[in-house]
1. Please count how many residues of segment B:637-688 are touching a Cys at 6+ places or on another chain (Cβ under 8 Å), part of a strand (DSSP E or B) and either at pLDDT below 95 or within 13 Å of another protein chain (Cβ to nearest Cβ) (or both).
2. Counting only residues that are among the hydrophobic types (A, V, I, L, M, F, W, C) and more than 27 Å from the chain's Cα centre (by Cα), how many does segment B:75-102 have?
3. In contact (Cβ under 8 Å) with a residue 60 or more places away in the chain, under 23 Å from residue B:25 (Cα atoms) and not in a loop (DSSP other than H, G, I, E, B): does that describe residue A:67?
4. Does residue B:555 satisfy the condition of being surrounded by fewer than 18 Cβ atoms within 10 Å (Cβ to Cβ), at pLDDT 95 or above and of a type in the set (Gly, Ala, Ser)?
5. State whether the residues of segment B:703-711 include one that is touching a strand residue (DSSP E or B) at 6+ places or on another chain (Cβ under 9 Å), crowded, with 24+ Cβ neighbours inside 10 Å and closer than 22 Å to residue B:247 by Cβ.
6. Evaluate the following for residue A:51: is it in a loop (DSSP other than H, G, I, E, B) and more than 11 Å from chain B (Cβ to nearest Cβ)?
7. Looking at (1) surrounded by fewer than 24 Cβ atoms within 10 Å (Cβ to Cβ); (2) modelled with pLDDT of 95 or more; (3) among the polar types (S, T, N, Q), which is the one condition that is false for residue B:453?
8. Of the residues that make up segment B:178-191, is at least one modelled with pLDDT of 95 or more, touching an Asp or Glu at 6+ places or on another chain (Cβ under 6 Å), within 21 Å of residue B:479 (Cβ to Cβ) and crowded, with 23+ Cβ neighbours inside 10 Å?
Amino acid sequence: MRVNGTSYPAPIDARRLLSDHLRHDLGLTGTHVGCEHGVCGCCTVLFDGAPARSCLMLAVQAEGHDVTTIEGLARDGGPLHPVQRAFHECHGLQCGFCTPGFVMSVVGLLKQNPSPSPDEIDEGISGNLCRCTGYASIRRAVARAAELSNQ
Amino acid sequence: MTTRWFGARVQRKEDDRLLRGHGRFTDDIEGGALESVLVRSPYAHARIRSIDVSAARDVPGVAAVYIAADLPFGSTDLPILIPHPNLTHGRTQRCLASEVVRYAGEAVAFVVAESRAVAEDAAELVEVDYEPLPVVITPEASARAERLVHDDVPGNVAAEMKQEVGEVDAALAAAPRRKSLRLRFERGAAAPMECRAVWARWSSDDKKLTVYDSTQSPTSIRGGLAVLFGLPESSVEVIAPDVGGGFGPKIMLFYPDELLVPFAAMQLGRPVKWTEDRQEHFTAVNQERGQVHEVEVGFDDEGKLLALSDEFIHDAGAYTPYGIILPIITAAQIPGPYRVPNYRVRFRDLYTNATPTSPYRGAGRPHACFVMERTLDAIAAELGLDRVEVRRRNLIQPDQFPYEVGVAWQDGNTVIYDSGDYPALLEKAVALLGPRPEGDHVGMGIGVYVEGTGVGPYEGAHVQVLVSGKVVAATGIPSQGQSHATVWAQVVADELGVDVADVEVTSGDTRRFPWGVGTFASRGAVTAGNAMGVAARLVADKARRIAAEHLEADAADMELVDGQVRVKGSPGRGMPLAAVSVLANPVRYAFGGGTEAATQFTARPRPGPPLADGEQPGLEATGYYSPPGSTWASGCHAAYVRVDPKTFRLEILKYVVVHDCGRVINPMVVEGQIEGGVAQGIGGAFYERLAYDDEGQLRNASFMEFLMPYATEIPSIEIDHIETPSPLNPLGVKGAGEAGVIPVGAVIGSAVEEALGVPITEMPLSPLRLYELTEARS
């Protein structure tokens, strides 16, 4: 399994969820667990480049695949990814718990659709729950991220 | 000062690490910890005949299984956090139930193991023999008292309280018009995205207990653990690291795990952690909002309120750990921004076999606002008057402050509104809302509210200028997303004349600041914000004194600007704040960082001891702020909605908010709080419902069925502010955390009523419920 470009040995425990494997075996605690039943989207990672719920997948299913977590976006303290930057500029986060999942979803969304319309933005982030922001600032952040990415 | 940070849209200092995935939430902490699971009652009411943990203890990898009998505090009732003379029959649960369980989800046993998976497996093997007992699940059923939740609580009544201002019966009798309403509000759930978690380590070498807890009140948890374990407070450190949303229920103390995890860590000599899962969060974490109101209102032909009587029952749940704060707040907040010359309120706090209640964002206020606003709508309908006009005629006027309502407030004082301009809120909101959209089944809703914020008793802060010139500041209250690290830095930066980037704030870590109360009740900006201001001013005064001595100037002539302490009008005569910090601590041994300037053979500005009489070393200070009473924020929300007459889908066409929280430290942060509050209000008004069945089972304890809104359900809202500074505190601020949620139920209810033409007397609504109401009408 490759995570953020680094190869890791296969997980030992066959019933380990990918989310738990990332968090507790690899120490990548930026991937959060909010419901463990695939609704909240906090655990979203990129699986071979596409957003996926890491809580709905066993770690062993990721063998031979590429996983990108929030830690993989701006490596080694480098500049923030445009999506991360946009969330900062637009106050798109408060407690920050849902944020990594949102950011990964939006990275996936913009890859698929670099200039989403307002409706497409709502649709694109409607797999992630946020209890703090009321989504308005996240909508603004997605539009801003598209702008930054297209520059 | 060249830059003023207070009032600016400063971008958040906490964002960078959260965006990189480098936040530190309690479940992120490992440290070789054992993991644990609570065994919880599947019954809402049952007698425990026996508990057998032998099979669970035999599972390889299990470190311990605890039941009540294994705990030195196992037969002690947990504390009533806020006792009150009217709480005549207060009851709290024990850490682990051993005789009777009174809600589904009540903890019975605690399993600690090498891994979460092993602990879960072992927990399955704990055999509890229950004898089911009759269940009381709604407040109405509790009031009938055919069954009791506690054998020794007659009528299920935990508390009763009656207050009267004026002469209500006489005023009602004399009123030209009268109207009665029955209004019902159901329970709701805060549902923060992070479930609760606790991590603890006992160091037997240092005799020190370290606890990480996703709590809204680490200082109180520390005090409680010190008492429980017989340790001096200095031997207990409690840290609320990053907390993934709170909204109220994370301030209960104690949830069983908050005692069991530290206890097990001390017993087993290894760190122990516990992380709640989402399903148990739904029943194990406190809820709120269940109330039924019987209103009688008297008014004149102009729509002016003459008298209001409200008798309501409050669903306490199975226990009353939080006392009667919630119904007290409701009783106090029903009159809202309106003149009610004669007001009587009586409530009964009733036990039910459901999860205990404690404040959830809004805390008694959304229901109070719903009662008052629905009443005003009913008056408007009766008289054929415009709903806005009825409100206009009853609002308290700007020249009537301070305005005394005359009923009890949650801090032991009575309710006195300190400042506000309610007519301005209303007129601005109406203007912002604009013309009614075209089309059928469109309704308008409007609601005006007040909110008592910044409740005491106090908060404190410590501010220190390091020898580098950087500033560190700390307060006891934690953040669950309220941007403390940014807004406190703004307050401190202004006082010290430094860049906000140079101020690092720590909150919610008793190692850095051990005193204080907690983050709740829209009080952070008022209490901790002002404490930051007090502490920073003390530091600035000290910097002026020290710099004046060395520059042979008068302290009163010194100013702090751009990281310099200098003589006003002579920018050349000054010294860096960093140098003042060095001089504040006379040293014998220079340890780098420029400290050679403070050693004994460098020139001294004055004779006498190196540390001046009465002065303490270091450029630092501790400050406290204790409010004389609450400061009252206010606002007005208005909306247009459309309801599909076939599917009963709700479409919010426009939603506007005009808000007054006094002086605004950071408009970006306040707007974020309002947007989030409105969304939570919309969820609670139309999508989220806790579906308890007659047996007390929560049938929708997952995000699959408890429908928290996504972006597709929540509109973007328009926000405007007015500022009536609070005369009660130095910064002039009022709280803003809960405001967004308070009037949403009232506004949506009013708008839906107009859109469909069916009376709305309850919350929450749903497409199904609107269908039923429409059918009942036809």
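1. Result for segment B:637-688: 1.
2. Keep residues of segment B:75-102 that are among the hydrophobic types (A, V, I, L, M, F, W, C), which gives B:78, B:80-82, B:87, B:95-97, B:100-101.
Those left that are additionally more than 27 Å from the chain's Cα centre (by Cα): B:97, B:100-101.
Within segment B:75-102, residues that are among the hydrophobic types (A, V, I, L, M, F, W, C) and more than 27 Å from the chain's Cα centre (by Cα) number 3.
3. It is true that residue A:67 is in contact (Cβ under 8 Å) with a residue 60 or more places away in the chain, under 23 Å from residue B:25 (Cα atoms) and not in a loop (DSSP other than H, G, I, E, B).
4. Here the answer is yes, as residue B:555 does meet what is asked.
5. Scanning segment B:703-711 turns up no residue that is touching a strand residue (DSSP E or B) at 6+ places or on another chain (Cβ under 9 Å), crowded, with 24+ Cβ neighbours inside 10 Å and closer than 22 Å to residue B:247 by Cβ.
6. Criteria not met by residue A:51.
7. The one condition residue B:453 does not meet is (1).
8. No: zero hits.
The values are calculated or read from the model by the stated rules, or taken from the named source; none is laboratory data. Values in this document were obtained by computation on a predicted structure and should not be read as measured data. Every residue, glycine among them, receives a Cβ derived from its backbone with ideal geometry; neighbour counts consider all protein chains shown.
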